[in-house]
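I have placed the structure first, in the form of structure tokens, so that the comments after it can refer back to it.
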């Protein structure tokens with residue numbers, strides 16, 4: 001509660017002060033000196049690689065000892081157009097991303113509402129709810145491999161004990177692998193979303209709920225009329241972030257299934273990784289990466305636009 | 001009416017607790033089971049006999065301790081570096097007004113969209129040219145850079161919570177901006193710095209993708225990489241030691257997160273999201 005609730009915006013704009021230009025200039029120089037140490041690594045290790053990456057996409061660079069760069073124009077993209085494996089992978093990636101993001105939001109909203117309704121066991125739940133967030137993705141993957149294990153895994157044992165089929169090879173079966181991996185994605189991403197939504201819920205004035213209750217609104221009606229509208233901005237922010245994080249997620253699927261069985265969980269990031277570091281086609285891989293970025297940015301733009309359009313009438317808050 | 005809702009709520013809460021907590025319990029349980037029990041068909045959460053040897057075996061396993069040490073080095077170094085360079089920048093960012101602030105904040109958000117998979121290819125080439133591809137120094141620099149956006153974001157939130165009046169009072173007394181920073185802002189910022197540092201440490205400690213791509217020689221492996229070697233390695237997997245190693249790898253992160261709990265469940269993320 002330290003940072004977010006400060007009513008920063010409420011402060012009236014300071015009256016324009018007569019400022020000496022020399023003073024302004026020193027201040028500016030100081031600011032630059034303070035920012036520079038952060039700016040340099042960002043430029044060298046984050047912005048520059050991104051630019052080079054975009055350039056690479058138009059070359060036929062291969063990952064060899066002494067790579068010779070050849071400009072290839074849009075050859076990579078033409079070739080990519082006919083690469084059905086890549087488009088399959090993109091489709092799988094979108095199922096994974098949308099699946100995880102939506103389920104994550106639903107599950108986290110449920111948990112946040114529970115945590116906001118004054119139940120006992122809250123302390124325990126709050127601790128447990130953070131653990132998936134803290135754990136290294138590799139450990140998470142190892143752990144869930146054990147849960148899903150076809151022989152001696154607790155999930156199958158549980159299903160068997162209530163009379164359901166208990167011989168399912170969750171991560172190895174063509175039909176169950178992707179859903180099984182999505183569940184793990186939800187497990188990992190839920191905490192952060194829950195915490196964010198909970199913070200949002202706690203900022204809704206209690207009077208609003210009380211007023212609605214006085215008007216005779218039931219729990220569901222109060223949720224749709226009070227909670228959801230107040231939460232809209234937070235929901236769209238965290239959903240956008242989750243969408244990007246999930247789309248870019250690599251470690252989990254890499255360790256859980258390595259894209260198998262038969263490519264059923266080959267998310268695009270994994271596909272590009274293999275193209276670059278196994279097939280050593282780094283230029284071609286960069287072209288794939290670029291296409292992925294464009295797809296994500298486009299989808300996000302569509303989503304945010306629809307969100308903001310819906311927002312505008314209630315902007316006056 | 002409220003009483004009829006409560007049992008349903010508790011049932012839901014228990015289901016959540018099971019979903020969130022059971023996998024971890026299972027991992028811990030597997031880490032203290034004998035291989036005979038792990039390979040048997042009977043499935044129990046409580047091991048029939050506690051087999052602590054798995055931990056000893058995991059630790060004596062090739063490279064686990066060494067890679068834990070590598071992870072620790074990289075995480076500590078990148079945390080210290082990230083904090084040192086992000087505190088001043090976060091201060092400027094928080095105190096900026098108008099377009100520059102919007103630009104800074106926008107960059108932080110955009111950096112979240114950064115397609116790691118597109119960046120990693122040239123990053124690998126650049127670091128290889130510098131001779132830093134297969135080195136912990138290179139990995140540290142990369143981790144530092146990719147921790148920065150979040151560190152900046154957290155810290156600028158803490159700076160914004162410090163009233164500007166305090167600084168102006170200092171400035172009125174004729175102190176330079178750096179003196180004001182050192183004597184007024186930094187002390188008030190200390191709790192924020194600690195939280196940010198813990199978060200940064202965990203990010204680096206847990207990180208897998210960059211380490212996987214950049215590190216090639218086994219003596220440079222970080223802990224997550226070595227753990228995946230346990231899985232794929234010599235054909236037959238020794239589940240017990242693997243689980244024990246996984247538990248050990250998760251302990252530092254979970255410990256730090258428990259300390260951060262108050263901050264995380266507070267307004268931190270809401271602040272990050274509200275912009």
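Go through B:122-131, A:21-30 and give me the packing order, highest mean Cβ count within 10 Å leading.
Details: B:122-131: 17.8, A:21-30: 10.6.
Put in order of decreasing packing, that is B:122-131, A:21-30.
Angle between the Cα long axis of helix B:239-263 and the longest principal axis of chain B, 0 to 90 degrees, nearest 10?
Helix B:239-263 sits at roughly 30 degrees to that axis.
For the range A:175-236 and the range B:127-141, what is the separation of their C-alpha centers, rounded to whole Å?
Using only Cα atoms, the two centres lie 43 Å from each other.
What is chain B's relative contact order, in percent, from Cα pairs under 8 angstrom and six or more apart in sequence? If you can, show how the numbers build up before the last one.
Working: 254 pairs, mean separation 85.7, N = 275.
Relative contact order of chain B: 31 percent.
Enter the mean number of other protein chain beta carbons within 10 Å of the beta carbon of each residue in A:140-152, as an integer.
On the way: counts 6, 6, 16, 10, 3, 4, 10, 5, 0, 4, 0, 4, 9.
Mean partner-chain Cβ count within 10 Å for A:140-152: 6.
Label-point separation (nm) for residue A:308 and residue B:110, each offset 7 Å from Cα along Cα-to-Cβ?
1.5 nm
Suppose each label sits 7 Å from its Cα in the direction of the beta carbon; what would the residue A:39-residue B:164 distance come out to in nanometres?
Taking the two extended label points, one gets 2.2 nm.
Take the alpha carbon gyration tensor of chain B, find the square roots of its eigenvalues, order them as a ≥ b ≥ c, and report rounded if a/c is under 1.5; if not, report prolate when a/b exceeds b/c, else oblate. Walk me through the numbers before you get to the answer.
On the way: a/c = 2.42, a/b = 1.45, b/c = 1.67.
It comes out oblate by the Cα gyration axes.
In nm, what is the difference between 0.36 nm times the number of residues separating residue A:298 and residue A:223 and their Cα-Cα distance? Let's see the in-between values first.
On the way: separation 75, 0.36 × 75 = 27.00 nm, distance 3.09 nm.
Full extension of this stretch gives 23.9 nm more.
How many angstrom lie between the Cα centre of the range A:240-254 and the Cα centre of the range A:49-83?
Value for the Cα centre distance between the two parts: 24 Å.
Given a cut-off of under 8 Å on Cα pairs at least six residues apart, what relative contact order in percent is computed for the range A:30-162?
Working: 36 pairs, mean separation 10.3, N = 133.
Value for the range A:30-162: 8 percent.
Residues of A:191-199, mean number of Cβ from any other protein chain within 10 Å of their own Cβ, rounded to a whole number?
Numbers: counts 4, 3, 1, 4, 8, 9, 3, 4, 11.
Taking all residues of A:191-199 together, the mean is 5.
If the elastic network links every pair of Cα atoms under 10 Å, which of B:73, B:227, B:45 fluctuates the most in the Gaussian network model of chain B?
Per the Cα network of chain B with a 10 Å cutoff, B:45 tops the list.
At 7 Å along the Cα-to-beta-carbon direction for both residue B:53 and residue B:22, put a label point, then send me their distance in nm to one decimal.
Output for this residue pair reads 3.1 nm.
Taking the Cβ-Cβ separation of residue A:106 and residue B:60 as r and a Förster radius of 60 Å, what is the calculated FRET efficiency to the nearest 0.05? Could you put the intermediate results ahead of the total?
On the way: r = 45 Å, r/R0 = 0.75.
Step by step, r from the Cβ atoms, then E = 0.85.
Calculate how steeply helix B:64-95 sits against the longest principal axis of the alpha-carbon atoms of chain B, using the helix alpha-carbon long axis, and give the answer as 0 to 90 degrees to the nearest 10.
20 degrees
Expressed as a rounded percentage, what relative contact order does chain A have, with Cα pairs under 8 Å and six or more residues apart? List each step's numbers first, then the result.
Numbers: 289 pairs, mean separation 84.9, N = 317.
After rounding, I find 27 percent.
Among A:85-96, A:206-217, what's the highest-first ranking by average C-beta atoms within 10 angstrom per residue? Spell out each step's value before the answer.
Details: A:85-96: 18.1, A:206-217: 12.0.
Order by mean packing, descending: A:85-96, A:206-217.
Could you identify which residue out of A:303, A:254, A:273 has the top mean-square fluctuation in a GNM of chain A using Cα springs shorter than 10 Å?
Judging by the Gaussian network model, the answer is A:303.
Over what distance in Å are the Cα centres of the range B:57-72 and the range A:104-172 separated?
Answer, in whole Å: 28.
Which shape class applies to chain A: rounded if a/c is under 1.5, otherwise prolate when a/b exceeds b/c and oblate if not, where a ≥ b ≥ c are the square roots of the Cα gyration tensor eigenvalues? Could the numbers behind the result be given before it?
Details: a/c = 2.05, a/b = 1.07, b/c = 1.92.
Oblate, because a/c is 1.5 or more while a/b does not exceed b/c.
Readers should treat all values here as calculations from the given coordinates under stated rules, not as data from a laboratory. These numbers were taken from a predicted model, which means no experiment stands behind them. Backbone-built Cβ (ideal geometry, glycine too); neighbour counts: all protein chains shown.
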